[in-house]
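Down below is the structure, laid out as structure tokens.
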Amino acid sequence: MISRRQFTKTLGGAVTLTAIKPDALWSGEPTATATPAPVSPVAAELYRKVFVLDGNVLGAIGFPIQNHDPAGVTKRIVGSGVNVVKSTLGGPQGNFEEAVAAIANAELLMEKQPEAFFKVQRAADFDRAKNDGKLGVIYSFESPNMLEEKIDRIELFRSLGVRVMQLTYNHRTPLGCGCLDGDTDGLTNLGASAVGRMNEVGVALDLSHCNTKTTADGIAASKKPVLITHAGCRAVYMHPRNKEDRELKALADKGGVIGIYMLPFLTEPPKQPMLKDFLLHLDHAVKVCGEDHVGIGTDVPFLHVGEEELAELKRRTEERKAAGIAAPGEDRPAYIPDLNTERKLELVTDALLKRGYKSAAVEKILGGNFKRVLADIWSA
């Protein structure tokens, strides 16, 4: 796990964009730096007015709790224009004790900085985040390890604020098969029971890291809409973390939403993905699912990535490789150079409008779709 100090560094830094050579991605050697081009007045006004939700941020949000904040991290997070984020707690392999400790740490953030952060637990909290100018945080799990095959713990963790859960990370679990273990095996009997309990108590089912079969089985088994909070499209680039069109269509038919991520898995190595690559995946998802079923789940650092942050991302990647949980393509850092700012979703807003998306569609993609579907899933 990244330390509080290290994570605060990852969140800090200047707001300049940095373009990196493919052979210098991990060294932090820049080829050029530039101030982000200003967005159009129309895009800036739209971004200011709409509700913005990031379906997955990299790293737990509950770290910048120091009484002094020389990097202005908290101010910049709240000033990002993002109203709500889904934050992973407990890590990809966390056990029960680690998950509880992560929740406690997040609760400490809410206690220490109530003027800036609060825990999202119900649909009404989305409007509260927007109206109060605070960052709402949705607690989530990317692994079921902390359940330890005890399905009743789904309700226990819901009582602690966890509102989104996955069946697998990248590898097989007692609930289903992860995306790195082939596309043959699917949802287990215990996994089907977990889906039923999530539906019953109002926890959103997230299938981001599941393989093709488990994704399809999970969509079919759920009585409520399901989520793929952070993924890409295999039709654009074939990668195990990306989703097939048939799953995207099934997700949309069930009323669910996919969030397009900003990870290296958007493009073939050694190319570092850029905004245009992200937009290709988003465009394809809209084509397959419709504009009511697509959002954004960046899965990259919230703020600027500089040389120190690149070094830290490299260290974490080496740890993931050693643990056997890294996906193919984790030879490039998790960020998009021309979206390297906390206001990255404002830049996406401008790009979507320039691409011909109507304001109403952009509003849905920026957060309206996730807001709608989560309200549906969390309802009794």
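The values are calculated or read from the model by the stated rules, or taken from the named source; none is laboratory data. In this text the structure is predicted, and so the values were computed from the model without any measurement. So basically every Cβ, Gly included, is an ideal-geometry build from the backbone, and we count neighbours across all protein chains shown. The accessibility values were calculated without ligands, DNA or RNA, using every heavy atom of the protein model including side chains. Shrake-Rupley method; radii C 1.70, N 1.55, O 1.52, S 1.80 Å.
Is it the case that some residue within the range 297-316 is surrounded by fewer than 18 Cβ atoms within 10 Å (Cβ to Cβ), farther than 16 Å from V85 by Cβ, at pLDDT below 95 and in contact with a helix residue (DSSP H, G or I) (Cβ under 8 Å, 6 or more places away or on another chain)?
The answer is yes; a qualifying residue exists.
Quick check: anything in the range 42-53 over 28 Å from N170 (Cβ atoms), at pLDDT 60 or above, small (G, A, S) and assigned to a helix (DSSP H, G or I)?
Checked the range 42-53: at least one residue is over 28 Å from N170 (Cβ atoms), at pLDDT 60 or above, small (G, A, S) and assigned to a helix (DSSP H, G or I).
Only one residue in D292, D376, D350, D331 is open to solvent by 40 Å² or more (accessible area, probe 1.4 Å), more than 19 Å from the chain's Cα centre (by Cα), at pLDDT 95 or above and of a type outside the set (A, V, I, L, M), so which one is that?
Among D292, D376, D350, D331, only D376 is open to solvent by 40 Å² or more (accessible area, probe 1.4 Å), more than 19 Å from the chain's Cα centre (by Cα), at pLDDT 95 or above and of a type outside the set (A, V, I, L, M).
Output yes when any residue across the range 189-196 is of a type outside the set (A, V, I, L, M, F, W, C) and buried (at least 24 other Cβ atoms within 10 Å of the Cβ), and no when none is.
yes
For G356, all conditions in the list (1) open to solvent by 10 Å² or more (accessible area, probe 1.4 Å); (2) part of a helix (DSSP H, G or I) hold save one; what is the number of the exception?
Here G356 meets the rest and fails (2).
Can you tell me which residue among D338, D292, D331 is in a loop (DSSP other than H, G, I, E, B) and of a type outside the set (A, V, I, L, M)?
Of D338, D292, D331, the one residue that is in a loop (DSSP other than H, G, I, E, B) and of a type outside the set (A, V, I, L, M) is D331.
Looking at T215, T229 in this structure, which one is buried (at least 24 other Cβ atoms within 10 Å of the Cβ), under 20 Å from V288 (Cβ atoms) and free of Cβ contacts under 8 Å to residues at least 40 places away in the same chain?
Residue meeting the stated conditions: T215.
Against the definition (under 19 Å from the mean Cα position of the chain (by Cα), touching a residue at least 40 places away in the same chain (Cβ under 8 Å) and open to solvent by 20 Å² or more (accessible area, probe 1.4 Å)), how does Y139 come out, yes or no?
no
Scan the range 255-268 and tell me whether some residue there is more than 23 Å from G202 (Cα to Cα) and in a strand (DSSP E or B).
The first filter runs over the range 255-268 and keeps only residues more than 23 Å from G202 (Cα to Cα), leaving 260-268.
If we keep only those that are in a strand (DSSP E or B) as well, we get 260.
Yes: one or more hits.
Between a residue in the range 66-88 that is within 15 Å of F126 (Cα to Cα) and among the hydrophobic types (A, V, I, L, M, F, W, C) and any residue that is modelled with pLDDT under 90 and crowded, with 21+ Cβ neighbours inside 10 Å, which pairs come within a Cβ distance under 7 Å, given they are 6 or more apart or on different chains?
Pairs that qualify, where the first residue is within 15 Å of F126 (Cα to Cα) and among the hydrophobic types (A, V, I, L, M, F, W, C) and the partner is modelled with pLDDT under 90 and crowded, with 21+ Cβ neighbours inside 10 Å, are V85/I61.
What number goes with the only condition from (1) out of contact with any Phe, Trp or Tyr (no Cβ under 8 Å at 6 or more places or on another chain); (2) surrounded by 16 or more Cβ atoms within 10 Å (Cβ to Cβ) that V257 does not pass?
Going through (1) out of contact with any Phe, Trp or Tyr (no Cβ under 8 Å at 6 or more places or on another chain); (2) surrounded by 16 or more Cβ atoms within 10 Å (Cβ to Cβ) one by one, V257 breaks only (1).
Against the condition in contact (Cβ under 8 Å) with a residue 24 or more places away in the chain, part of a helix (DSSP H, G or I) and either open to solvent by less than 10 Å² (accessible area, probe 1.4 Å) or at positive phi (or both), how does L205 come out, does it pass?
So L205 fails the test.
Going residue by residue through the range 288-301, is there one that turns out to be under 28 Å from P240 (Cβ atoms) and touching a Cys at 6+ places or on another chain (Cβ under 9 Å)?
As a first pass, look at the range 288-301 and keep what is under 28 Å from P240 (Cβ atoms): 288-301.
Applying the additional criterion that residues be touching a Cys at 6+ places or on another chain (Cβ under 9 Å) yields 288.
Checked against the condition, which is being under 28 Å from P240 (Cβ atoms) and touching a Cys at 6+ places or on another chain (Cβ under 9 Å), the range 288-301 yields at least one hit.
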